[in-house]
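Comments concern the structure below.
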Amino acid sequence: MSATARSPRILITGFGPFPGAPVNPTQALVRKLATLRRPAFADVTRIAHIFDVTYATVDRDLPELIARHRPDALLMFGLAARTPYIRIETRARNAVSMLWPDAGHTTVRRACIVPGANAQNFGPHTARLFRAALATGADVRSSRDAGRYLCNYLSWRGIEATRAQSGPRLAAFVHVPLLAQDTTSHCMTSDELTDTGEAILLEMIRLTRVKLRDPARNPGCETVETTPPTIL
């Protein structure tokens, strides 16, 4: 185990608007998480990026971001407009929609990402992220289905990146709901989403520190603490 592990570098991503969703709450969320001032973030490098909702953009930007910033962890957010709660995705499906074009009007010509491949799991650390989010009191669910659109596609590419020698050690994808537009709405508010996103980010940082201290250790399989994570 290294006694002098370096400070973590976290790439935090969201998406821009897309057909049917002219406002994507992940844009504001990512910017907030990248600029929050907390003691726990003092030595953490946070890189924010918003993807255009196109397959070509993901394939171009993600490798460039990883090569330029060398993040230790990749924390990705996307919008699930029909889901009223937060979803911690546990895997990426080898599936792409041939019906729905991306924001660049591109329709894919095959229904899979990699022919013949099975679904890819993010890893056991997603359970820790789920517990951290749940401790905020938000409505949070664990999910095995990230869909067939850009969120699932980015999840797949993010998991692939963790398997590269120079890629991030950990990756995670979180689906967020549409937010309340007024005080009478029962939807999640922007502040509630930010609080939950912060808890997820803090746990991702903690897990990344574990991985940096001991690359062979699986931080998702460590002993579960009885005290819920604190939002500073």
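The values are calculated or read from the model by the stated rules, or taken from the named source; none is laboratory data. The model shown is predicted, which means the values in this text are computed figures rather than measured ones. We place every Cβ from the backbone using ideal geometry, glycine too, and count neighbours over all the protein chains shown. Areas reflect the complete protein model, heavy atoms only, side chains present, ligands, DNA and RNA absent. Shrake-Rupley method; radii C 1.70, N 1.55, O 1.52, S 1.80 Å.
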Please list, by residue number, everything in region 6-33 whose backbone N is under 14 Å from a paramagnetic label point 7 Å out along Cα→Cβ of ALA216.
none
Regarding region 1-125, what whole-number volume in Å³ per residue does the convex hull of its Cα atoms give?
155 Å³
Excluding ligands, DNA and RNA, what is the solvent-accessible area per residue of the chain at a probe of 1.4 Å, expressed in Å²?
49 Å²
In terms of modelled amide H atoms, which long-range or inter-chain residues lie less than 5 Å from the amide H of ALA171?
LEU74
Taking every other residue with Cβ under 14 Å from the Cβ of ARG60 and scoring Lys and Arg +1, Asp and Glu -1, one gets -3
Taking amide H atoms as placed 1.01 Å from N in the peptide plane, list the residues 5 or more away in sequence, or in a different chain, whose amide H sits under 5 Å from that of PHE15.
THR26, GLN27, PHE51
Roughly to the nearest percent, how much of the accessible area of the chain is carbon and sulfur, given a 1.4 Å probe?
52 percent
Output ³J(HN,Hα) for region 96-108: one whole-Hz value per residue in order, computed from phi by the Karplus curve 6.51 cos²θ - 1.76 cosθ + 1.60 with θ = phi - 60°, and x for Gly and Pro.
9, 6, 8, 9, 9, x, 7, 5, x, 6, 8, 10, 6
When all protein chains stay in place, what accessible area (Å², nearest 10, 1.4 Å probe) is found for ARG141?
100 Å²
Quick one: length gained pulling LEU99 to ASP191 fully straight, 0.36 nm per residue minus the C-alpha distance?
29.7 nm
For the chain, how big is the tail of P(r) above 31 Å, as a whole percent of Cα pairs?
17 percent
A correct Karplus calculation of ³J(HN,Hα) over region 149-157, with 6.51 cos²θ - 1.76 cosθ + 1.60, θ = phi - 60°, whole Hz and x for Gly and Pro, returns 10, 5, 5, 5, 5, 5, 4, 4, 5
Of every Cα-Cα pair in region 79-186, the percentage lying beyond 24 Å is 31 percent
Estimated distance in nm for a label pair at HIS69 and ARG82, the labels positioned 7 Å out from Cα along Cα-to-Cβ
3.1 nm
